[in-house]
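Heads up: the structure comes next, in structure tokens.
The values are calculated or read from the model by the stated rules, or taken from the named source; none is laboratory data. Just so it is clear, the model here is predicted, and its values are computed rather than measured. All Cβ positions, glycine included, derive from the backbone under ideal geometry; neighbour counts span all protein chains shown.
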Amino acid sequence: MNVRSEGTGVAVPEADTPDEIFVGGRWTRGRGTLIESVNPADGKVFAQLHGAVVDDVDLAVDAGLRAAAGSGWATWLPHERAAVLHRIGNALEANVDRIGALQTLDTGKTLTETRALARSAAGTFRFMAAALETMEGAMTPARGNFLTLATYEPMGVVGAITPWNSPIASDAQKIAPALAAGNAVVSKPPVWAPWVTLLLARLCEDAGLPTGLLSVLPGPGRTVGEALVAHPQVSKVSFTGGTTTGRHLAHVAADKLMPITLELGGKSPTIVFSDADLDQAVAGVLFGVFSSSGQSCIAGSRIFVHSSIHDEFVDRLVAGARQLHVGPGDDPRTQVGPMVTHSHRDGVAAMVDAAVEQGAQVLCGAGIPDDPALQSGAYYLPTVLTGVDNAATICQEEVFGPVAVVLSFDDEDDLVAQANDTVFGLACGIWTRDFVKGWRAAQAIRAGTVWMNTYKQFSISTPFSGLKDSGIGTEKGRDGIRSYMNQKSIYVDLSGHALPWATPQEES
């Protein structure tokens, strides 16, 4: 039997949406609140799940500790752990369509995007497997008659808390390096989109991951997530989500003296210099803001355009935004799908309405599509605003929807000051034919990632981090594994003699 949501062509096997959670290697019916997954394309419930409770965190952590010790996972040779990660990556690759369909039903994203996210997850497991096999310790320069080594060891049990806007890719970005490092992982997927993480657990199980090393506990962040971070035997947590929640979790981690990685919000500037290739810039800005329906922490939603090309650029941007196809994720024409929930859509609309009340001018969008076929979905038109300065609320607070604000600039120094005038520091886009100018701006902007003449391009081999309120810590890259390990220094005597301080001295 397939689960199908009326009004869409997306169907998934009923076996992919069971009312079960994964606790310490056991599939069991949750004892928590009922979670209803709504297809945002039509507003209809397509699956239900009873979530985890706080006690499940204790069970999962205990099982993880036992599994790590009983299986010897931490002491497996690197190539042996890597072989399991490769099998998981291959399983993800083989199930791209299955994962994509499930995530499209859960989040409303286009099938093109959800399949790409599944392939990205597969690549992440493979990259971490390769990085694990080639990871080295270090023999540090000797400062005496001894050998000094820097080695790395697993932490034990780590927590992974992932967002709803890109579940499978975010899952892999945390779980793969944590497992590679030799840890057990307790994952807390988003309440709005739990299914692909549970499917990942099944694929891990089938790939031969030792039982108990992975648990998946859907449930509210304020209970399950909080308990996971606060658990005394959880040695690290990686969280992707909102800044307010991230700041709170950082306090909890600080009380434990526990390391935490936080990938939080953004209000990223996109800069269009006067010498930019306008065809390239317009296409890139549209993609940077409106892909994923704007539900992206790195969305380039503050668009700074040089005054000499401002009007032409804005005309072309607005024309392009109006031409974007809005529709359900299973329609191959769709570029902008529904938002994840109706309540989230209404929150975005409220922010746009407030901006208009504060003087913003609407150049396009700012409403629900007229198409009768889309009325029951959580749709919002691609929106371009102008007429406000960088201090406006709409320019300072993350909207997390398909909304962009265009601002003008003349002076490069003033541009940099405005671009940096935000509590966030996640990403930036720069459009120019002048490499020196672009390089200068890239160095001046305080952001963890800067794209020049492109946007939203990622590589698992390249580190990702945020500055200021956009987070702390780094994910991805070769050192992504070491972020889930403790460093240890080992000194080995080469002299064969007792320490002279402790050796009795003859009296003269």
- Message: Just to check your reading of the model, which residue among 384, 416, 406, 399 is crowded, with 18+ Cβ neighbours inside 10 Å and part of a loop (DSSP other than H, G, I, E, B)?
- Response: 399
- All positions within region 460-496 that are under 13 Å from the mean Cα position of the chain (by Cα) and of a type in the set (Ser, Thr, Tyr): 465, 470, 474
- Item | Members of region 280-309 found to be out of contact with any Phe, Trp or Tyr (no Cβ under 9 Å at 6 or more places or on another chain), farther than 20 Å from residue 109 by Cβ and either in contact (Cβ under 8 Å) with a residue 60 or more places away in the chain or not assigned by TED's automatic domain parsing to the domain that holds residue 376 (or both), listed by number | 302
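Go through region 356-372 and give me each residue that's among the acidic types (Asp, Glu) and either in a loop (DSSP other than H, G, I, E, B) or surrounded by 17 or more Cβ atoms within 10 Å (Cβ to Cβ) (or both).
Just the residues of region 356-372 that are among the acidic types (Asp, Glu), to begin with: 357, 370-371.
Within region 356-372, 370, 371 qualify.
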- Query: Within the group 333, 316, 322, which residue is outside the structural domain of residue 113 (by TED's automatic domain parsing), in contact with a helix residue (DSSP H, G or I) (Cβ under 6 Å, 6 or more places away or on another chain), under 23 Å from residue 284 (Cβ atoms) and basic (Lys, Arg)?
  - Reply: 316
- Task: Answer yes or no as to whether residue 74 is crowded, with 23+ Cβ neighbours inside 10 Å, small (Gly, Ala, Ser) and in contact (Cβ under 8 Å) with a residue 40 or more places away in the chain.
- Result: no
- From the list 303, 309, which residue is among the β-branched types (Val, Ile, Thr), over 16 Å from residue 117 (Cα atoms) and buried (at least 23 other Cβ atoms within 10 Å of the Cβ)? 303
- Query: Restricting the search to region 95-121, which residues are in contact with a helix residue (DSSP H, G or I) (Cβ under 6 Å, 6 or more places away or on another chain), over 20 Å from residue 400 (Cβ atoms) and of a type in the set (S, T, N, Q)?
  - Reply: 120
- Return yes when residue 429 is buried (at least 17 other Cβ atoms within 10 Å of the Cβ) and not in a strand (DSSP E or B) and no when it is not. no
- Task: Could you tell me whether any residue of region 99-120 is out of contact with any His (no Cβ under 8 Å at 6 or more places or on another chain), closer than 26 Å to residue 234 by Cα and surrounded by 21 or more Cβ atoms within 10 Å (Cβ to Cβ)?
- Result: no
- Which strands (runs of 3 or more DSSP E) does region 137-178 wholly contain that include 1 or more residues that are among the polar types (S, T, N, Q)? 138-140, 146-154
- Task: Just give me the residues in region 178-202 being within 14 Å of the chain's Cα centre (by Cα) and not polar (S, T, N, Q), in sequence order.
- Result: 188, 189, 190, 193
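Residues are listed down the side, and each one gets a yes or a no for (1) assigned by TED's automatic domain parsing to the domain that holds residue 296; (2) touching a His at 6+ places or on another chain (Cβ under 6 Å); (3) assigned to a loop (DSSP other than H, G, I, E, B):
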{"residue": "433", "(1), (2), (3)": "yes, no, yes"}
{"residue": "443", "(1), (2), (3)": "yes, no, no"}
{"residue": "446", "(1), (2), (3)": "yes, no, yes"}
{"residue": "457", "(1), (2), (3)": "no, no, yes"}
{"residue": "479", "(1), (2), (3)": "no, no, no"}
- Message: If I go through region 251-274 residue by residue, how many of them are out of contact with any Asp or Glu (no Cβ under 7 Å at 6 or more places or on another chain), among the small types (Gly, Ala, Ser) and buried (at least 19 other Cβ atoms within 10 Å of the Cβ)?
- Response: 2
- Query: If a residue has to be surrounded by fewer than 20 Cβ atoms within 10 Å (Cβ to Cβ) and over 30 Å from residue 74 (Cβ atoms) to count, how many in region 451-487 make the cut?
  - Reply: 7
- Pull up region 471-506, narrow it to residues that are in contact with a helix residue (DSSP H, G or I) (Cβ under 6 Å, 6 or more places away or on another chain) and among the charged types (D, E, K, R), then point me to the one that is nearest to residue 172 (Cα to Cα). 475
- Item | Check on residue 147, touching an Asp or Glu at 6+ places or on another chain (Cβ under 9 Å), of a type in the set (A, V, I, L, M, F, W, C), touching a residue at least 40 places away in the same chain (Cβ under 8 Å) and on the phi < 0 side of the Ramachandran plot | yes
